[in-house]
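The values are calculated or read from the model by the stated rules, or taken from the named source; none is laboratory data. All values derive from a computational prediction rather than experimental measurement. Reconstructed Cβ throughout: ideal geometry from the backbone, glycine too, with neighbour counts over all protein chains shown.
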Amino acid sequence: MVKGATVDAQVTHLNNIISSTRNTGYATQPPLQRFLADCYEEFRSDHSGAVADYIPELKRANPAHFGVGLVTIDGHIYEVGDSAVPFTIQSVSKAFVFALALELVGEERVSAAIGVEPSGEAFNSIRLTNDNRPFNPMVNAGAIACSGLIHQVDGAGAFERIREKLGQFAGRELAVDDSVHASETETGNRNRAIAWLLRNYLVVQGDVDAVLDTYFRQCAILVTARDLAVMAATLANRGVNPVTGVQVITPNVVARTLSVMTSSGM
């Protein structure tokens with residue numbers, strides 16, 4: 001009886017292995033999944049650092065959350081830990097909104113308003129180039145200018161245009177954290193100073209408060225580690241989302257975006 005039970009258990013185990021192999025192509029976990037799992041176990045006990053507090057609401061984030069997502073350009077998704085926990089995109093939005101501005105108004109118009117050189121300053125520096133432009137789109141001044149360019153085209157619909165495009169990058173509809181948006185609106189006086197400086201030099205035109213609200217809302221869009229991995233893979237895949245197959249942005253815009261990301265510290 002014991003011998004028969006042992007054989008049954010071995011058969012069940014073998015069937016599980018075959019099923020796993022059929023589904024994944026590997027007898028055990030795929031190599032990239034094993035790599036992520038190993039990294040997760042190695043670093044999950046590291047509790048150094050602190051949560052961001054430059055926006056008061058961000059201090060409420062759970063510092064114990066730790067997740068990793070990885071997406072290949074052929075659409076394979078690997079994730080571990082808290083990879084489905086949402087958080088606000090904040091400055092990561094800058095690269096994707098820059099790409100949208102290039103697509104919407106063209107490289108010539110974007111270049112007339114925003115430089116492409118490293119600033120050597122903090123991301124929220126209230127300083128412009130000698131010809132009164134933001135140094136690049138990856139600092140706050142440049143990102144606000146990008147939002148302003150989109151606002152010139154779409155007016156009150158600018159934020160929805162941004163949210164829709166970021167959703168295409170992520171492959172799903174993205175929501176907004178209203179609490180973080182309200183907190184940044186209440187305390188974002190440094191960004192207000194930057195925006196009014198840009199308005200003074202006509203880099204930002206029209207309603208400064210409306211442009212700032214667009215910028216604050218884009219930073220409060222909710223994403224997960226998996227979302228960001230898909231978004232990054234879309235840039236790596238010449239603008240085609242490898243999960244949905246949608247051409248989100250043109251290869252030329254991707255090349256311009258990646259070059260500025262490389263030179264300007266992202």
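Here are a few things to note about the model shown:
- Complete set of residues in the range 111-133 that are closer than 20 Å to LEU100 by Cα, in a loop (DSSP other than H, G, I, E, B) and of a type outside the set (A, V, I, L, M, F, W, C): GLY115, GLU117, ARG133
- Sole exception among (1) loosely packed, with under 12 Cβ neighbours inside 10 Å; (2) within 17 Å of GLN218 (Cα to Cα) for ASP53, by number: (2)
- Qualifying position, being farther than 30 Å from VAL243 by Cα and small (Gly, Ala, Ser), among ALA156, ALA170: ALA156
To keep it simple, each residue is scored yes or no on (1) among the polar types (S, T, N, Q); (2) touching a Lys or Arg at 6+ places or on another chain (Cβ under 8 Å); (3) closer than 25 Å to SER119 by Cα.
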| site | (1), (2), (3) |
| --- | --- |
| THR214 | yes, no, yes |
| THR224 | yes, no, no |
| ALA229 | no, no, no |
| VAL260 | no, no, yes |
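- Qualifying residue in the range 242-251 (condition: surrounded by fewer than 20 Cβ atoms within 10 Å (Cβ to Cβ), under 18 Å from LYS94 (Cα atoms), of a type outside the set (Gly, Ala, Ser) and in contact with a Phe, Trp or Tyr (Cβ under 9 Å, 6 or more places away or on another chain)): no
- Condition check for PHE169 on (1) within 18 Å of the chain's Cα centre (by Cα); (2) at pLDDT below 95: one failure, at (2).
- Flag for LEU198 being more than 18 Å from the chain's Cα centre (by Cα), buried (at least 17 other Cβ atoms within 10 Å of the Cβ) and of a type outside the set (Gly, Ala, Ser): yes
- Scanning the range 134-160 for residues that are part of a loop (DSSP other than H, G, I, E, B) and either among the basic types (Lys, Arg) or touching a Ser or Thr at 6+ places or on another chain (Cβ under 6 Å) (or both) yields a total of 4.
- Scanning the range 73-92 for residues that are in a loop (DSSP other than H, G, I, E, B) and of a type in the set (D, E, K, R), we see that the one that is surrounded by the fewest Cβ atoms within 10 Å (Cβ to Cβ) is ASP74.
- Of all the numbered requirements in (1) surrounded by 16 or more Cβ atoms within 10 Å (Cβ to Cβ); (2) of a type outside the set (Lys, Arg); (3) at pLDDT 95 or above; (4) within 30 Å of ASP74 (Cα to Cα), SER264 misses one, and that requirement is (3).
- When the range 93-125 is filtered for residues that are of a type in the set (S, T, N, Q) and surrounded by 19 or more Cβ atoms within 10 Å (Cβ to Cβ), the ones remaining, listed by number, are SER93, SER119.
One line per residue, one yes/no per condition, for (1) within 17 Å of VAL260 (Cα to Cα); (2) among the small types (Gly, Ala, Ser):
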{"residue": "SER119", "(1), (2)": "yes, yes"}
{"residue": "PHE123", "(1), (2)": "yes, no"}
{"residue": "PRO137", "(1), (2)": "yes, no"}
{"residue": "ASN140", "(1), (2)": "yes, no"}
{"residue": "ASP154", "(1), (2)": "no, no"}
{"residue": "LYS165", "(1), (2)": "no, no"}
